[in-house]
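Single-structure report; data block below.
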Amino acid sequence: MAKKPVTVTLNGTERAGFAEPGQNLLDFLRRGLGDLSPKYGCGQGTCGACTVTIDGQTHLSCLVLAEAADGRAVGTAAGLADGARLDPLQDAFMENFAAQCGYCTPGMLVSARALLDRNPRPTRAEIVEAISGNLCRCTGYEPIIAAIEAVAEERTRP
Amino acid sequence: MAVHRGRGFAAINYPIGMNLGGDPSQALVHSNPDGKFTVALSAIDLGQGMKSVTRQIAAETLGIPIDDVYVDTADSDTGPHDMGSFASRGTHRMGNAVIMAAQEARSVMLEAAAEELEVDPGDLVTDGRGNIHVRGAPSRSITTMAAAQAAQFKQGRTIAGRGIFLIPLSEVDPETGEMTPVSTFAHAAMLVEVEVDDETGEVAVTDMQSAYEVGRALNPGLVEQQLRGGAWMGMSHAAWETTEPYYPARDHGPVDFNHYLMPGPGDLAPHHISVLERPAEDGPYGGKGPGEMCANPVLPAVVNAVYDAVGVRIDELPVTPEKVLRGIRANGGARPRQAL
């Protein structure tokens, strides 16, 4: 089977590569385009470490065929910072000690950013729902929830 | 059919590090020509803060800004030998080794500075901001960078230090069995509240109150982070996780995250943490190490709370709904202890 050319808008920049037959988007992003921010955790859609956005919606990139993302906008944790300027969520994760080993963090950030983009004032229950597909072994989740709440509260100030 | 509330308590003593003697950790500290210092270790930072804490300890001992310390660790090909990051030993063992190495490096740094200032090294102090000066005479001063460069390029002196932590083998008295197996204990107490559904057997932890005595909290933010995350893991071990649910039979073991149960962000209980600081005599700046003990008290506390709620004494973890229901049936119904 032949490789297929795949073009995505990755974090705002058009990027092209060749997808192997059956290659998933996670592998295409990491090996094809060199974006190592989405992580391989379980490879079967249960851990959330590979979470990315496709046209603004969160997806588990290990379960998406690379060619299915052709022509679409893909967002990863690597696109959150603007140069040295971190996304407020990244700052809040640091201030709230929301990462230990850090393996879940890129997926958590993508899920949290997608939530805040569609719902700038989420309740705690909505935050919990938004990250319920992202497993974390170290933090006990509470610091992550607190970090997302901190950004949400910042936005509600006049 | 009802939901029963119960309360359980547990207290633990937790030995820091491997004991019975030995348990070595080594550290090497040296200055670079830019006046900054490198700490070489083989201890692993798994996210628990090993690099942050050893960096703090090295900066404090050397008397230089923390920005001027770089911790190079986790390459066992190039770093000095270490037993590893386990047994809650990191802060205590590696911290002590880093102090020993940094003290030696500091003394050479002060000798180099003394030669430049033409004073006795014993009269020199550091200000922690990158300067070395004569005690009581801050104007007679040299930067740590200038001292490091003088040592490197002029004096031919190596600003470096070696450190090791090693406890002697504890002999066992053949008559009494008495020995000293442990150099340092940390302590914790925990109170949990649970709700047990006597129809489904499900146990929900609804509140956690804990107190941990970890010596001096060298980095309070990291200590709390470990305690909070570790308590979650303890809750998970108490009522959710197992690789072999019918041990020793291997049946029905989970093979992936679909089957390996863990509490998610919607299953959290409020957790109030108190950290009691009682600096340890043999700890680096009084520190011990939260480590594994942050998960430990949760398990017995949850088991005790289940007993309090429905009168079922579970002696094999985790506390699954099946075990709770079998226990309730064997007792002829839920028997809340508080009603007795």
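Residues in segment B:42-84 that are within 14 Å of chain A (Cβ to nearest Cβ) and open to solvent by 30 Å² or more (accessible area, probe 1.4 Å) were compared, and the one that is modelled with the lowest pLDDT is B:A74. Can you confirm whether segment B:207-214 contains a residue that is buried (at least 16 other Cβ atoms within 10 Å of the Cβ) and of a type in the set (G, A, S)? Within segment B:207-214 (the criterion being buried (at least 16 other Cβ atoms within 10 Å of the Cβ) and of a type in the set (G, A, S)), the answer is yes, since at least one residue qualifies. Of all the residues in segment B:312-340, those that are surrounded by fewer than 21 Cβ atoms within 10 Å (Cβ to Cβ), under 35 Å from the mean Cα position of the chain (by Cα) and more than 22 Å from B:A189 (Cα to Cα) number 4.
Here the condition is being under 28 Å from A:S132 (Cβ atoms), in contact with a strand residue (DSSP E or B) (Cβ under 6 Å, 6 or more places away or on another chain), in the same structural domain as A:E149 (by TED's automatic domain parsing) and aliphatic (A, V, I, L, M); of A:V8, A:V110, A:V74, it holds for A:V110 alone. Within segment A:22-37, the residues that satisfy the criterion of being within 14 Å of A:D70 (Cβ to Cβ) and not in a strand (DSSP E or B) are A:Q23, A:L25, A:F28, A:L29, A:G32, A:L33. Consider segment A:32-44 and keep the residues that are free of Cβ contacts under 8 Å to residues at least 60 places away in the same chain and either open to solvent by less than 10 Å² (accessible area, probe 1.4 Å) or under 17 Å from A:L109 (Cα atoms) (or both). The one that is nearest to the other protein chains (Cβ to nearest Cβ) is A:Y40. Within the set A:L10, A:L29, the sole residue that is touching a Pro at 6+ places or on another chain (Cβ under 7 Å), open to solvent by less than 30 Å² (accessible area, probe 1.4 Å) and of a type outside the set (S, T, N, Q) turns out to be A:L29.
Here's the yes/no breakdown for (1) at pLDDT 95 or above; (2) among the small types (G, A, S); (3) open to solvent by less than 40 Å² (accessible area, probe 1.4 Å); (4) closer than 26 Å to A:E126 by Cβ:
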residue	(1), (2), (3), (4)
B:V172	no, no, no, no
B:M179	no, no, no, no
B:V182	no, no, yes, no
B:T242	no, no, yes, no
B:Y246	no, no, no, no
B:G253	no, yes, yes, no
B:P270	yes, no, no, yes
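Candidates are the residues of segment A:139-158 that are away from chain B (no Cβ under 14 Å) and not in a helix (DSSP H, G or I); the one that is farthest from B:L46 (Cα to Cα) is A:P158. Is one or more of the residues making up segment B:272-279 surrounded by 14 or more Cβ atoms within 10 Å (Cβ to Cβ) and aliphatic (A, V, I, L, M)? Yes. Across segment B:277-301, the number of residues qualifying as modelled with pLDDT of 95 or more and among the hydrophobic types (A, V, I, L, M, F, W, C) comes to 3.
Looking at this structure, is A:M108 within 12 Å of chain B (Cβ to nearest Cβ) and crowded, with 24+ Cβ neighbours inside 10 Å? Judged against the criteria, A:M108 is a match. State yes or no: is A:G102 free of Cβ contacts under 8 Å to residues at least 24 places away in the same chain and either among the β-branched types (V, I, T) or within 14 Å of another protein chain (Cβ to nearest Cβ) (or both)? Taking the combined requirement at face value, the residue satisfies it. Selection of segment A:119-138 for residues being over 18 Å from the mean Cα position of the chain (by Cα) and within 12 Å of chain B (Cβ to nearest Cβ) yields A:R124, A:A125, A:C138.
Each row is one residue, and each column tells you yes or no for (1) in contact with a Ser or Thr (Cβ under 6 Å, 6 or more places away or on another chain); (2) within 19 Å of A:A150 (Cβ to Cβ); (3) small (G, A, S).
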position: A:G41; (1), (2), (3): no, no, yes
position: A:G56; (1), (2), (3): no, no, yes
position: A:L63; (1), (2), (3): no, no, no
position: A:A92; (1), (2), (3): no, yes, yes
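For segment A:71-99, a residue qualifies if it is of a type in the set (G, A, S), without any contact (Cβ under 8 Å) to a residue 40 or more places away in the chain and open to solvent by less than 40 Å² (accessible area, probe 1.4 Å), and exactly one does: A:A81.
B:R129 meets the stated requirement of being open to solvent by 10 Å² or more (accessible area, probe 1.4 Å), farther than 30 Å from A:R137 by Cβ and of a type in the set (K, R). Taking segment B:232-273 as the range and being among the charged types (D, E, K, R) and farther than 16 Å from A:Y141 by Cβ as the test, the residues that pass are B:E244, B:R250, B:D251, B:D256. Evaluated against (1) more than 19 Å from the chain's Cα centre (by Cα); (2) within 14 Å of chain A (Cβ to nearest Cβ); (3) in a helix (DSSP H, G or I), B:E292 falls short on exactly one condition, (1). Counting only strands (runs of 3 or more DSSP E) that sit wholly inside segment B:164-282, those with at least 3 residues that are within 14 Å of another protein chain (Cβ to nearest Cβ) are B:203-213, B:271-276. Please list, ordered by first then second residue, the pairs with beta carbon atoms under 8 Å, 6 or more apart or interchain, first in segment B:217-232 and assigned by TED's automatic domain parsing to the domain that holds B:Y285 and more than 12 Å from B:Q48 (Cα to Cα), second basic (K, R) and open to solvent by less than 20 Å² (accessible area, probe 1.4 Å). Pairs found: none.
The values are calculated or read from the model by the stated rules, or taken from the named source; none is laboratory data. Source: prediction; values computed, not measured. Using ideal geometry, Cβ is built from the backbone for each residue, glycine included, and neighbour counts are taken over all protein chains shown. Just so you know, the surface numbers come from the protein's heavy atoms only, side chains and all, with ligands and any DNA or RNA stripped out. Shrake-Rupley method; radii C 1.70, N 1.55, O 1.52, S 1.80 Å.
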